[in-house]
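Asker: Questions regarding the structure given below will be posed in turn.
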Amino acid sequence: MSSTPPPPDRPRPLRTAAVIPAAGRGIRLGPGAPKALRVLGGTPMLIHAVRAMAASRAVSLVVVVAPPDGAPEVKHLLDEHALPERTDYLVVPGGDTRQESVGLGLDALPEDVSVVLVHDAARPLVPVDTVDAVVEAVRNGAPAVVPALPLADTVKEVEPAAVAGEPEPVLSTPVRARLRAVQTPQGFDRDTLVWAHAEVALDGEGATDDAGMVERLGKPVVVVPGHEEAFKVTRPLDLVLAEAVLARRRANDGF
């Protein structure tokens, strides 16, 4: 791996784009449509996620990375739903892994984008204040920013069992005060993120955390406060919770 840093910052307008990898199947939600296309409150989760990014006035472009054979379907889906007129969107085919898909999303960005957000399609309810906080931290000079929450539970490091269901010995108990549960959108200086994707080789299923790729190159990553409603919809119970949050928003704010 090269230790050569990215080139010196070149002047660019402070335009911000969001990349949403949405090429996964979402196996843990069970059979059916890809996770990003599951319906939440009558609307696909992907549309909620795109709207969450577009709600930030800082975000002028959203790039959706679709399943390799599903880009036309996703483009049609976006065309059918109302999105803020000030925000452009683009759909590109993804790869076999999340890392490949994010890389393809980066390749599609116009030259005038200097700040990049990477957001999980399965986090449809992230509040705009969280998006804005990430963008502001990058614009203030942080090369990589993640929203995160303190953990409510004590965490144990264990030796994984060779057979599922067998007892697992505890190896250590990390200090909870130093731990955070990381969310998205993660925000990056564009040059830094492009450098990370160029330098960190694809291994197995690839990296699932872009900030972790930046960490591996020795660049600093900072944390800003996350939000409890930015949780990831991964299992059926998460979908029930998301429906409840969305219903409360609509009752209170007409969202």
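The values are calculated or read from the model by the stated rules, or taken from the named source; none is laboratory data. Everything quoted here is computed from the prediction, not taken from an experiment. Note that we place each Cβ from the backbone using ideal geometry, even for glycine, and neighbour counts take in every protein chain shown. Ligands, DNA and RNA are stripped out before the accessible areas are found, and what is left, the full protein with its side chains, is counted by its heavy atoms. Shrake-Rupley method; radii C 1.70, N 1.55, O 1.52, S 1.80 Å.
Asker: Can you count the Lys pairs in the chain with C-alpha separation below 25 Å, eight or more apart or on different chains?
Answerer: Lysine pairs satisfying the spacing and distance rule in the chain number 4.
Asker: Given a cut-off of under 8 Å on Cα pairs at least six residues apart, what relative contact order in percent is computed for the chain?
Answerer: 23
Asker: Kindly give Rg over Rh for the stretch 137-235, based on alpha-carbon atoms, with the Kirkwood expression for the hydrodynamic radius.
Answerer: For the stretch 137-235, the value is 1.03.
Asker: While we're looking at this one, here's another question. Please report the carbon-and-sulfur percent of the accessible area for the stretch 77-177; probe 1.4 Å, protein heavy atoms only, DNA, RNA and ligands left out.
Answerer: 51
Asker: Now, a different point. Select from the stretch 214-255 those trypsin sites (Lys or Arg not before Pro) which occupy a DSSP coil region and have at most 14 other Cβ atoms within 10 Å, ordered by residue number.
Answerer: none
Asker: What net charge do the residues around R216 carry, taking every other residue with its C-beta under 12 Å from that of R216, with Lys and Arg at +1 and Asp and Glu at -1?
Answerer: Charge balance in the 12 Å sphere: -4.
Asker: Could you point to the label whose value was computed as P(r) over Cα pairs in 10 Å bins from 0, in percent for the structure here, given [x] 7, 29, 37, 21, 6, 0; [y] 6, 22, 26, 23, 15, 7, 2, 0; [z] 7, 32, 38, 20, 3, 0?
Answerer: [x]
Asker: Would you please name the trypsin sites (Lys or Arg not before Pro) within the stretch 66-136 that are DSSP coil residues with at most 14 other C-beta atoms within 10 Å of their C-beta?
Answerer: Listed in order of number, the matching sites are R86.
Asker: Right, here's the next one. Between the stretch 153-193 and the stretch 221-255, what is the C-alpha centre distance in whole Å?
Answerer: Taking the Cα centre of each part, the stretch 153-193 and the stretch 221-255 sit 21 Å apart.
Asker: Which value in Å is the Kirkwood Rh of the stretch 82-167 over different Cα pairs?
Answerer: 16.9
Asker: Next up: Work out the P(r) tail for the stretch 140-183: percent of alpha carbon pairs separated by more than 16 Å, whole number.
Answerer: Considering the stretch 140-183, 57 percent of its Cα-Cα pairs are separated by more than 16 Å.
Asker: Hey, with R₀ at 25 Å, roughly what FRET efficiency would N140 and E85 work out to, going by the Cβ-Cβ distance, to 0.05?
Answerer: Values: r = 28 Å, r/R0 = 1.13.
Taking R0 as 25 Å, the efficiency between N140 and E85 is 0.30.
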